[in-house]
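S.K.: The structure under discussion is supplied below as structure tokens; questions concerning it will follow.
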Amino acid sequence: MKEREGNITDSPDHKNPIRKGGEEKKMISVLLCTLNRPVQIRDCISSFLDQTYSDFEIIVVDQSKDDLTKKSCEEFDDRRIKYHKVNFTGLSRARNYGLRFVQGEWICLGDDDAVYDRDFFSKAYDFLKDYKKVCILCGKLLFLDDKRKEAMNYKDYHSGQELKVDDMMQIGASATLVLQSELLNTIKGFDPIFGVGARYGSGEESDVVLRMFERGIKAYYIPEMKVFHGYSTTNAFEDIKKVFLYYTGLGALLKKHLWYRKNINLLPKFFRATLGAWIKWIVGNRNQKCIYRARIVGFYKGFFNYNLI
């Protein structure tokens, strides 16, 4: 077995090594793609290593040009961390690359600037051990501040609820998802045209979920799977470019699945992204008009520019 420095391996050296009381447990693989976040990824990895469920691996795909992220990973000296350096950028490309090294039956789409509740894996396993079919699990995203404010509106959802297409489009945050690795490979992974660093700057996880739904896979909401990410803010000028790129990706995503693949379940999302944004731009807070404009312009750019190849 070839090893990197600091006991971070290039290739997995074990599969499902931990068993308790004779019970067969399922390995969970964290697919953790990162770019220039050596400090944040340290906190993220720490939260994984603190999990109460210990049968997992962390596949780090580092797109950074320097070695700072590698050094952050080496500090842990934990053989469950498998570090890979690539010479390209793009979230979907990096995830597809990382899929080649996954050993787990289930995949957590790790976010390098998120912190995971120590029971995240165990709560996922509690559901999966009793549910015998392939499914998608969606946890709860909260802001990483003192109040632990919910990042999305979860009031209409309860634990174990089956999530439909429009539900997933509203609360299906990438960092909270757990997917079956075999199915992810069957649908040929992530569409490289979507995601941060690609032509369309978002929508990569929604595209995967929608393609899984097409195969009859069901999704369930598990609020006990908690992920803490970022900070709540009311600053409308925080990142106009990020808003623009997100809605460019959303526009392209809806063009692909609503227009080309005829998924009419996406109509509510389409009207919220178009008519809803226009209404807010016309009658909404004047100080936030730049945000609404970025949403509108970004969405239409993605929608009209996307062509199915």
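The values are calculated or read from the model by the stated rules, or taken from the named source; none is laboratory data. Every value quoted in this text rests on a predicted model; they were computed, and no experiment measured them. For neighbour counting, all protein chains shown are included, and Cβ atoms are generated from backbone atoms with ideal geometry for every residue, glycine included.
S.K.: Filter region 143-160 for residues that are at pLDDT 95 or above and surrounded by 12 or more Cβ atoms within 10 Å (Cβ to Cβ) and give the result.
M.R.: First, the residues of region 143-160 that are at pLDDT 95 or above: 154, 157-160.
Residues satisfying the conditions are Tyr154, Tyr157, Ser159, Gly160.
S.K.: Being touching a residue at least 60 places away in the same chain (Cβ under 8 Å), surrounded by fewer than 18 Cβ atoms within 10 Å (Cβ to Cβ) and among the polar types (S, T, N, Q) is the filter here, so list the residues in region 171-188 that pass it.
M.R.: Kept after step one, since they are touching a residue at least 60 places away in the same chain (Cβ under 8 Å), are these residues of region 171-188: 174-175, 177-182, 184-185.
Narrowing the set further to residues that are surrounded by fewer than 18 Cβ atoms within 10 Å (Cβ to Cβ) leaves 182, 185.
Result: Asn185, single match.
S.K.: Which of the following residues is aliphatic (A, V, I, L, M) and either in the same structural domain as Lys164 (by TED's automatic domain parsing) or within 21 Å of the chain's Cα centre (by Cα) (or both): Leu245, Leu275, Leu267? Break it down into steps so the answer makes sense when it comes.
M.R.: Working: Leu275 fails: either in the same structural domain as Lys164 (by TED's automatic domain parsing) or within 21 Å of the chain's Cα centre (by Cα) (or both); Leu267 fails: either in the same structural domain as Lys164 (by TED's automatic domain parsing) or within 21 Å of the chain's Cα centre (by Cα) (or both).
Leu245 is the lone residue from the list that is aliphatic (A, V, I, L, M) and either in the same structural domain as Lys164 (by TED's automatic domain parsing) or within 21 Å of the chain's Cα centre (by Cα) (or both).
S.K.: State all residues of region 67-112 that are of a type outside the set (D, E, K, R), within 21 Å of Val227 (Cβ to Cβ) and not in a helix (DSSP H, G or I); if no residue qualifies, say none.
M.R.: The answer is Phe76, Ile81, Val102, Gly104, Trp106, Ile107, Cys108, Leu109, Gly110.
S.K.: Further, regarding this structure: Condition (residue is surrounded by 22 or more Cβ atoms within 10 Å (Cβ to Cβ) and over 14 Å from the mean Cα position of the chain (by Cα)) applied to region 189-196: is it met by at least one residue?
M.R.: So far as region 189-196 goes, no, none of its residues is surrounded by 22 or more Cβ atoms within 10 Å (Cβ to Cβ) and over 14 Å from the mean Cα position of the chain (by Cα).
S.K.: Within region 236-295, how many residues turn out to be in contact (Cβ under 8 Å) with a residue 40 or more places away in the chain, more than 30 Å from Arg215 (Cα to Cα) and either touching a Pro at 6+ places or on another chain (Cβ under 6 Å) or not basic (Lys, Arg) (or both)?
M.R.: Of the residues in region 236-295, 11 are in contact (Cβ under 8 Å) with a residue 40 or more places away in the chain, more than 30 Å from Arg215 (Cα to Cα) and either touching a Pro at 6+ places or on another chain (Cβ under 6 Å) or not basic (Lys, Arg) (or both).
S.K.: Same structure, new question: Of all the residues that make up region 149-167, how many are touching a Ser or Thr at 6+ places or on another chain (Cβ under 8 Å) and closer than 17 Å to Val134 by Cα?
M.R.: Applying the first criterion (touching a Ser or Thr at 6+ places or on another chain (Cβ under 8 Å)) to region 149-167 yields 149, 151.
Applying the additional criterion that residues be closer than 17 Å to Val134 by Cα yields none.
Of the residues in region 149-167, 0 are touching a Ser or Thr at 6+ places or on another chain (Cβ under 8 Å) and closer than 17 Å to Val134 by Cα.
S.K.: Would you tally the residues in region 239-255 being part of a helix (DSSP H, G or I) and surrounded by fewer than 24 Cβ atoms within 10 Å (Cβ to Cβ)? Steps first, please.
M.R.: As a first pass, look at region 239-255 and keep what is part of a helix (DSSP H, G or I): 240-255.
With surrounded by fewer than 24 Cβ atoms within 10 Å (Cβ to Cβ) added as a condition, the list becomes 240-246, 255.
Going through region 239-255 one residue at a time, the tally reaches 8.
S.K.: Let me ask something else. Would you call Ser92 among the hydroxyl-bearing types (Ser, Thr, Tyr) and under 24 Å from Asp207 (Cβ atoms)?
M.R.: yes
S.K.: Here is a follow-up. Looking at region 113-136, which of its residues are at pLDDT 95 or above and assigned to a loop (DSSP other than H, G, I, E, B)?
M.R.: Answer for region 113-136, where residues must be at pLDDT 95 or above and assigned to a loop (DSSP other than H, G, I, E, B): Asp117, Arg118, Asp119.
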